[in-house]
1. Highest mean first, what order results for 145-154, 347-356, 128-137 on Cβ atoms within 10 Å?
2. Rounded, prolate or oblate: which fits the chain, taking a ≥ b ≥ c as square roots of the Cα gyration tensor eigenvalues, rounded meaning a/c under 1.5, else prolate when a/b beats b/c?
3. Can you list the aspartates and glutamates whose alpha carbon is less than 14 Å from that of Lys353, not counting same-chain residues fewer than 8 positions off?
4. Under 25 Å Cα-Cα from Lys260, which lysines qualify once same-chain neighbours fewer than 8 residues away are excluded?
5. Over region 249-435, what is the percentage of antiparallel beta bridges among all DSSP beta bridges, to the nearest 5?
6. Which ³J(HN,Hα) values in Hz, rounded to whole numbers, follow from the phi angles of region 190-207 under the Karplus curve 6.51 cos²θ - 1.76 cosθ + 1.60, where θ = phi - 60° and Gly and Pro get x?
7. So how do 66-72, 424-430 stack up, highest first, on mean other-Cβ count within 10 Å?
8. Based on the alpha-carbon gyration tensor of region 283-334 and its eigenvalue square roots a ≥ b ≥ c, which shape applies: rounded if a/c is under 1.5, prolate if not and a/b is larger than b/c, or oblate?
Amino acid sequence: MKTLQNLIGGTWEGSRGDAFHPVVNPATEEVVASCPSGSPEDVRLAVDAAVRAQPAWAALPVAERVGRLSRWADTIAAHAGELAEIECREMGKPVALGRAFIGGAAQGLKVAAAEALDYAFEETIPGPDGSSTTIVRNPLGATAVIVPWNFPVPMILGALGPLLASGNTVVLKPSERSPMSAVRLMELTDLPPGVVNLVLGDARAGAPLTADERIGLVHFTGSVEAGRKVGAQTGARLRRSILELGGKDPAIVDAGVDPKATAAAVAFGAFANSGQICTSMERVYVHRDVAEEFIEALVEAAATYTLGDGHDAGTVLGPLVDRRQRDLVVRHVTDAVERGATIRAGGFVPEGKGFFYPATVLTDLDDSMLVMTEETFGPIAPVIVVSSFEEALERAGASRFGLAATVYTADPAHMAAARRLPAGVVWVNQWQGGGPERLYEPAGDSGMGATGSRAAYDAATRPTSIHTAP
Ligand code: NAD
């Protein structure tokens, strides 16, 4: 069985630590690789390499950095199928879904890197009497990218573009549960040695990386719990972090919408990737006028989410990432049922190998149940019937999380009112996607630090103002 290695300064090296853990295929429960669990020494070496490589990388013309990132993106796109197969093996995502997202993420890397060509790294503003102010935006130096397992390759690519195109170097730490796709991704790069370094492991690698004084920014994507630790650590060092954390996203289904079409859209929002998307719909508030038809259609839609190994062409719903994640989903459903909820679809652990859980629809809930208050990260659609759009808006907004929210309505006044939802993104009559210009900052416990388009470059650089007398 393969023991995975770190990539440090362009060289593949075994971990200096002595702890390893198995990577398990969640569809078969077979061990598919052995992964280092991380050591401070691995991290120190990776940061050394990132620091060493940074001045030469930053000295390249922007267009050359962008060109190299764009070429890497093309290579990734050409290997999207292979990378999707690896993701399927390490965390269960159906191959077709994985391939589509990796293709999109490679394109996203290209677009994000190309935004550097229009970004004002240097700008001179004339002052009165011939004076001037020049604002220079320099890279931060060596930075860290720490990602989760739910979209292993897209999460990495989503963070790298602006950081690298600005002239920073990166130490990348993928999730300990999905390290194989990150290894393959790094095999496909021809960026100069040390520009991106890969260090494998869990918090045993993540914590020393976050604590390293030479790291100018930590771009962290993961749970609220770990995000708090990362934020505390970077705060103590007075360095930046971007924290993209968990959610409990609401969807509102207003009176006057097509219940069937909306149910199909909500099924996708709740069940896609087995509900393991930070912006999965995890609370559904439906107006009583359309509730009966909507719930019936949602139950019908759930039945079309065929469970299976993500390598099989007929599979729509792969397994959950591991036993721990499925236990959490079971706990949420059990809590709801014990307190009066009704299971309308799914809601059981299938027999046999693999960490499968079916698309599940719950009704007769109240806002205090675990499935309504804590992130579930499973294919569960909890549906609450409300008497008015106002009630839906109020209950949807009453959460400590604030990643995204989705509103389905035909009423222009309700479309306008959707902006009152405290979330980084509000989708109206669509889920996911957006325009070319992005600006996004999670609300509440879902994180902090604005990213997207120009904001991502602002975060990846530090301004110095040079005031020159006439
Ligand atoms: P996690 O917090 O357990 O792990 C995320 C990453 O952080 C992993 O690489 C892990 O090894 C590392 N880590 C853990 N403890 C650390 C520490 N103390 N210091 C530094 N690094 C540490 O999360 P997960 O279970 O891998 O991922 C699921 C979570 O990620 C969910 O809450 C989901 O909503 C969230 N997520 C958020 C977004 C977003 O954009 N907001 C996107 C995807 C996933």
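1. On the way: 145-154: 25.0, 347-356: 15.1, 128-137: 12.0.
Going from most to least packed, we get 145-154, 347-356, 128-137.
2. Numbers: a/c = 2.06, a/b = 1.35, b/c = 1.53.
Oblate.
3. Glu29, Glu30, Asp309, Asp322
4. Cross-link targets: Lys248.
5. Values: 3 of 23 bridges.
So the antiparallel bridges amount to about 15 percent of the total.
6. Those phi angles translate into 10, 5, x, x, x, 5, 10, 10, 10, 10, 9, x, 9, 4, 5, 9, x, 5 Hz.
7. Numbers: 66-72: 19.0, 424-430: 17.1.
Order by mean packing, descending: 66-72, 424-430.
8. On the way: a/c = 3.91, a/b = 1.48, b/c = 2.65.
Because a/c hits 1.5 or more and a/b fails to exceed b/c, region 283-334 counts as oblate.
The values are calculated or read from the model by the stated rules, or taken from the named source; none is laboratory data. Computed from a predicted model, the values in this text were never measured in an experiment. Don't worry about glycine lacking a Cβ; one is built from the backbone with ideal geometry, like all the others, and counts go over all protein chains shown. These accessible areas exclude ligands, DNA and RNA; they are computed on the full protein's heavy atoms, side chains included. Shrake-Rupley method; radii C 1.70, N 1.55, O 1.52, S 1.80 Å.
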